[in-house]
Amino acid sequence: MTRTAIFLCILFLFPVMVFCQHCDSIAWSKHHDLKWKNFKALADKRSNADALSDISIFYKISTAERFARFMVTCYFYPCRSWVKRASSGRLLEHEQTHFDIAEYHKRLLMKEIMNRRFTSTNIFSSVAEFGKMITDLRKEMDEVYDLETNHSVNAEKQKEWTRKMDNLLKKLGEYEGSSYVITLN
């Protein structure tokens, strides 16, 4: 598949990525938690939300002979993330957990890819299909998370979700990396 086709796959699944070249980013890391200083955009005063985290999963596929290399990373974009009042530690934990939810889904994507067999003719369409499925699952989990925690207001539910995501990330720890190579059939 050509570079144009790869670009179109990425553009279709993660349209926000087109604009990322003009924005700084923070790759998810178990050694780096978000801080209020990472929220650099102007707050949307019309929004009912107290904060917004712009997070996406970016992947790139390259093939050569019988191998495919995947570069997959979960990013937080400070220049498109905002907070109205940077006072609540629980709200910051809430936003960090959204980042963790995205990382968890990045790992689910890699688990799915690493446990499948691909050919050079079906790899791009199959991964695009998995990517769409993972995007839908992530959106659904983010919505349930916000509903159950009432956007961090429910302190007990917030703690439950933080623990839940820590455990889910540990279960998929083997997919924490950002570079993978598979053999094509």
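Every number in this text was worked out from the coordinates using simple rules, so none of it is lab data. All values derive from a computational prediction rather than experimental measurement. All Cβ positions, even for glycine, are placed from backbone atoms using ideal geometry, and neighbour counts span all protein chains on display.
Using Cα Rg over 2.2 N^0.38 Å as the read-out, say which of (1) 1.08; (2) 1.24; (3) 1.19 was calculated from these coordinates.
For Cα Rg over 2.2 N^0.38 Å, the calculated option is (1).
Number of Lys-Lys pairs in the stretch 104-185 under 25 Å by Cα, sequence gap 8 or more or different chains?
So the count works out to 24.
Between D146 and D24, what length in nm is gained on full extension when 0.36 nm per residue of separation is reduced by their alpha carbon distance?
41.3 nm
Please work out the FRET efficiency for the pair A155 and Y180, using the Cβ-Cβ distance as r and a Förster radius of 45 Å; give the result to the nearest 0.05.
0.75
Once the dipole of the stretch 3-183 is set up with Lys and Arg at +1 and Asp and Glu at -1 on Cβ about the Cα centre, which of C23, N167, L34 lies farthest towards its positive end?
So the residue we want is C23.
For a quick protection proxy, order the peptides 99-105, 80-86, 147-153 by their average other-Cβ count within 10 Å, most packed first.
In decreasing order of mean packing, 99-105, 80-86, 147-153 become 99-105, 80-86, 147-153.
For a quick protection proxy, order the peptides 157-163, 31-37 by their average other-Cβ count within 10 Å, most packed first.
157-163, 31-37
So if I take the centroid of the Cα atoms in the stretch 163-185 and the same for the stretch 31-89, what is the distance between those two points in Å?
19
Can you show me the helix-derived [θ] at 222 nm for the chain, built from DSSP H runs with n ≥ 4 at -39,500 (n - 2.57) apiece and divided by the number of residues, rounded to the nearest 500.
Counting only the DSSP helices, I get -15000 deg cm²/dmol.
With a Förster radius of 35 Å, plug the Cβ-Cβ distance of E65 and H31 into 1/(1 + (r/R0)^6) and report the FRET value to the nearest 0.05.
Rounded to the nearest 0.05, the efficiency is 0.50.
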